[in-house]
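Enquirer: Just dropping this structure here.
The values are calculated or read from the model by the stated rules, or taken from the named source; none is laboratory data. Everything quoted here is computed from the prediction, not taken from an experiment. Heads up, the Cβs are rebuilt from the backbone with ideal geometry, glycines too, and the neighbour counts pull from every protein chain shown. Only protein heavy atoms, including side chains, enter the accessible area calculation; ligands, DNA and RNA are left aside. Shrake-Rupley method; radii C 1.70, N 1.55, O 1.52, S 1.80 Å.
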Amino acid sequence: MSQPSVVLATASYDHTIRFWEAKSGRCYRTIQYPESQVNRLEITPDKRFLAAAGNPHIRLFDVNSNSPQPVMSYDSHTNNVMAVGFQCDGNWMYSGSEDGTVKIWDLRAPGCQREYESRAAVNTVVLHPNQTELISGDQNGNIRVWDLTANSCSCELVPEVDTSVRSLTVMWDGSMVVAANNRGTCYVWRLLRGTQTMTNFEPLHKLQAHDGYILKCLLSPELCEPNRYLATASSDHTVKIWNVDGFTLEKTLEGHQRWVWDCVFSVDGAFLITASSDSTARLWSMSSGEEMKIYRGHQKATVCCALHDGTEP
């Protein structure tokens with residue numbers, strides 16, 4: 001198979017992972033994933049592999065092969081893996097699980113290299129652009145910064161006691177972090193560099209974005225500049241696009257019939273892909289707010305999507 005310039009994948013409660021041609025909407029490959037649901041998908045920076053976070057494994061699939069078998073399995077979590085991502089050079093992977101841990105995996109060696117104990121089910125983990133801090137959010141409402149250099153928790157925040165942090169996102173330049181919770185609220189902090197390398201959080205804004213749950217929040221990528229947007233995907237069937245300058249509502253993306261679980265920006269921020277319980281994924285134009293393409297094929301809820309349409313590092 002020749003390497004696609006755009007890698008778009010979705011996963012569903014129907015126990016399949018599907019790869020799509022972004023423009024035509026055609027599904028060109030389906031991987032059966034019988035052993036568990038897939039909670040999260042992420043593509044490696046070099047576009048060669050797709051990580052699928054399940055229960056309790058993480059499986060790595062070759063993007064450019066038709067093999068239904070994973071090339072690698074990462075197996076030391078003991079419950080649903082809810083978050084997965086890669087360091088910018090693709091040398092290591094991080095994950096967060098409902099078993100209460102955040103783990104780091106060296107992709108060139110078997111097994112888990114490091115483990116951090118969050119003491120509550122972890123829903124979301126993001127890597128700070130400095131590549132030396134992980135930020136996790138958990139079921140009990142805790143946000144923790146894990147300093148990978150010091151190998152310890154450097155900061156702890158609880159924006160709203162006993163309100164689950166569902167999703168975290170960091171601005172590409174490291175200037176801002178947003179946490180979305182089960183009450184439809186986004187907490188926004190400015191990130192300040194202290195004298196040490198430790199990141200300090202300065203409260204910037206509290207945004208009541210939805211009446212329902214926010215299942216995913218995502219800040220726009222670098223190539224979207226000078227525009228900066230926050231996307232919030234919700235159980236109210238919509239995705240809202242907020243202008244980060246003042247947190248005014250720019251657009252509401254309407255079309256999904258059920259909960260919207262996940263969203264991902266194209267590399268230039270011109271498009272957004274969403275995944276929903278209505279079994280579809282959809283492509284939206286950020287400039288018009290219109291739905292451009294519907295990806296149909298999953299038989300049950302589509303709960304996560306991954307997109308890599310940029311250049312390899």
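Enquirer: Tell me whether segment 148-165 contains one or more residues that are under 12 Å from Cys217 (Cα atoms) and modelled with pLDDT of 95 or more.
Expert: Yes: segment 148-165 contains one or more residues that are under 12 Å from Cys217 (Cα atoms) and modelled with pLDDT of 95 or more.
Enquirer: Identify the residue in segment 174-192 that is of a type outside the set (A, V, I, L, M, F, W, C) and assigned to a strand (DSSP E or B) and, among all such residues, is surrounded by the fewest Cβ atoms within 10 Å (Cβ to Cβ). It would help to see each step written out before you state the result.
Expert: Step one: filter segment 174-192 for residues of a type outside the set (A, V, I, L, M, F, W, C), giving 174-175, 181-185, 187, 190.
After this cut, where a residue has to be assigned to a strand (DSSP E or B) as well, the list is 181, 185, 187, 190.
Details: Asn181: 22, Thr185: 17, Tyr187: 22, Arg190: 14.
Result: Arg190.
Enquirer: Kindly indicate whether Asp46 is under 18 Å from Arg108 (Cα atoms), free of Cβ contacts under 8 Å to residues at least 24 places away in the same chain and either of a type in the set (D, E, K, R) or open to solvent by less than 10 Å² (accessible area, probe 1.4 Å) (or both). I'd like the intermediate steps shown before the answer.
Expert: Values: under 18 Å from Arg108 (Cα atoms): yes; free of Cβ contacts under 8 Å to residues at least 24 places away in the same chain: no; either of a type in the set (D, E, K, R) or open to solvent by less than 10 Å² (accessible area, probe 1.4 Å) (or both): yes.
No, not satisfied.
Enquirer: For segment 23-33, check the following and say yes or no: at least one residue is open to solvent by less than 50 Å² (accessible area, probe 1.4 Å), basic (Lys, Arg) and more than 20 Å from the chain's Cα centre (by Cα).
Expert: First, pick out the residues of segment 23-33 that are open to solvent by less than 50 Å² (accessible area, probe 1.4 Å): 25, 27, 29, 31, 33.
In the following step, the residues that additionally are basic (Lys, Arg) were identified as 29.
Pick out the ones that are also more than 20 Å from the chain's Cα centre (by Cα) and you get 29.
Yes, that holds for at least one residue.
Enquirer: Residues in segment 269-287: is at least one open to solvent by less than 10 Å² (accessible area, probe 1.4 Å), under 21 Å from Ile17 (Cα atoms) and of a type in the set (Asp, Glu)?
Expert: Looking for residues that are open to solvent by less than 10 Å² (accessible area, probe 1.4 Å), under 21 Å from Ile17 (Cα atoms) and of a type in the set (Asp, Glu), one finds none in segment 269-287, hence no.
Enquirer: I would also like to ask the following. Can Thr163 be described as of a type in the set (Val, Ile, Thr) and either closer than 21 Å to Asn140 by Cα or touching a His at 6+ places or on another chain (Cβ under 9 Å) (or both)? Reasoning before the result, please.
Expert: On the way: of a type in the set (Val, Ile, Thr): yes; either closer than 21 Å to Asn140 by Cα or touching a His at 6+ places or on another chain (Cβ under 9 Å) (or both): yes.
So Thr163 fits the description; yes.
Enquirer: Let me ask you something else. Which condition breaks for His77 when tested against (1) more than 16 Å from the chain's Cα centre (by Cα); (2) farther than 17 Å from Ala9 by Cα; (3) modelled with pLDDT of 95 or more; (4) open to solvent by 10 Å² or more (accessible area, probe 1.4 Å)?
Expert: Against the list (1) more than 16 Å from the chain's Cα centre (by Cα); (2) farther than 17 Å from Ala9 by Cα; (3) modelled with pLDDT of 95 or more; (4) open to solvent by 10 Å² or more (accessible area, probe 1.4 Å), His77 comes up short only on (4).
Enquirer: Among the candidates Arg228, Arg282, which residue alone is among the basic types (Lys, Arg), within 19 Å of the chain's Cα centre (by Cα) and under 27 Å from Glu160 (Cα atoms)?
Expert: Working: Arg282 fails: under 27 Å from Glu160 (Cα atoms).
Answer to the check: Arg228.
Enquirer: Scan segment 195-222 residue by residue and report those that are modelled with pLDDT under 85 and either under 20 Å from the mean Cα position of the chain (by Cα) or open to solvent by 30 Å² or more (accessible area, probe 1.4 Å) (or both).
Expert: Restricting attention to segment 195-222, the residues satisfying the condition of being modelled with pLDDT under 85 are 195-199.
The answer is Thr195, Gln196, Thr197, Met198.
Enquirer: Shifting gears a bit: Cβ-Cβ under 6 Å, sequence separation 6+ or interchain: first residue in segment 105-123 and over 26 Å from Trp261 (Cα atoms), partner open to solvent by 30 Å² or more (accessible area, probe 1.4 Å) and in a loop (DSSP other than H, G, I, E, B). Which pairs?
Expert: Cys112/Ser76
Enquirer: Mind checking which pairs have a first residue in segment 180-192 that is under 14 Å from Val158 (Cβ atoms) and polar (S, T, N, Q) and a second that is open to solvent by less than 30 Å² (accessible area, probe 1.4 Å) and assigned to a strand (DSSP E or B), Cβ under 6 Å, 6 or more apart or different chains?
Expert: Asn181/Val165
Enquirer: If you go through segment 49-59 one residue at a time, how many are open to solvent by 10 Å² or more (accessible area, probe 1.4 Å) and outside any strand (DSSP E or B)?
Expert: 3
Enquirer: Let me spell it out: the conditions are (1) at pLDDT below 95; (2) farther than 19 Å from Asp46 by Cα, and Asn66 meets all of them except one. Which number is the exception?
Expert: (2)
Enquirer: Only one of these is within 17 Å of Met286 (Cβ to Cβ) and among the aliphatic types (A, V, I, L, M): Ala231, Ala150, Ala180. Name it.
Expert: Working: Ala150 fails: within 17 Å of Met286 (Cβ to Cβ); Ala180 fails: within 17 Å of Met286 (Cβ to Cβ).
Ala231 is the lone residue from the list that is within 17 Å of Met286 (Cβ to Cβ) and among the aliphatic types (A, V, I, L, M).
Enquirer: If we scan segment 119-137, do we find a residue that is over 21 Å from the mean Cα position of the chain (by Cα) and surrounded by fewer than 18 Cβ atoms within 10 Å (Cβ to Cβ)? Spell out the reasoning first.
Expert: Pass one, segment 119-137, residues over 21 Å from the mean Cα position of the chain (by Cα): 119.
Filter once more, keeping what is surrounded by fewer than 18 Cβ atoms within 10 Å (Cβ to Cβ): 119.
Yes, segment 119-137 has at least one match.
Enquirer: Within segment 60-70, identify whether any single residue is part of a strand (DSSP E or B) and either farther than 24 Å from Ala109 by Cβ or open to solvent by less than 40 Å² (accessible area, probe 1.4 Å) (or both), and answer yes or no. Lay out the reasoning, then the answer.
Expert: First, pick out the residues of segment 60-70 that are part of a strand (DSSP E or B): 60-62.
Then keep just the ones that are either farther than 24 Å from Ala109 by Cβ or open to solvent by less than 40 Å² (accessible area, probe 1.4 Å) (or both); that gives 60-61.
Yes, some residue in segment 60-70 is part of a strand (DSSP E or B) and either farther than 24 Å from Ala109 by Cβ or open to solvent by less than 40 Å² (accessible area, probe 1.4 Å) (or both).
Enquirer: Would segment 8-15 turn up any residue that is crowded, with 16+ Cβ neighbours inside 10 Å, of a type in the set (A, V, I, L, M), within 17 Å of Leu107 (Cβ to Cβ) and touching a residue at least 24 places away in the same chain (Cβ under 8 Å)? Break it down stepwise before answering.
Expert: Of the residues in segment 8-15, the ones crowded, with 16+ Cβ neighbours inside 10 Å are 8-12, 14-15.
With the extra rule that they be of a type in the set (A, V, I, L, M), the set shrinks to 8-9, 11.
Imposing the further condition that a residue be within 17 Å of Leu107 (Cβ to Cβ) reduces the set to none.
Looking through segment 8-15, none of the residues is crowded, with 16+ Cβ neighbours inside 10 Å, of a type in the set (A, V, I, L, M), within 17 Å of Leu107 (Cβ to Cβ) and touching a residue at least 24 places away in the same chain (Cβ under 8 Å).
Enquirer: Sticking with this one: Select, from Gly141, Gly100, the only residue that is touching an Asp or Glu at 6+ places or on another chain (Cβ under 8 Å), within 13 Å of Leu168 (Cα to Cα), open to solvent by less than 10 Å² (accessible area, probe 1.4 Å) and not β-branched (Val, Ile, Thr). Reasoning before the result, please.
Expert: Working: Gly100 fails: within 13 Å of Leu168 (Cα to Cα).
That would be Gly141, the only listed residue that is touching an Asp or Glu at 6+ places or on another chain (Cβ under 8 Å), within 13 Å of Leu168 (Cα to Cα), open to solvent by less than 10 Å² (accessible area, probe 1.4 Å) and not β-branched (Val, Ile, Thr).
Enquirer: Filter segment 4-50 for residues that are closer than 21 Å to Leu283 by Cβ and polar (S, T, N, Q) and give the result.
Expert: Correct list: Ser5, Thr10, Ser12, Thr16, Ser24, Thr30.
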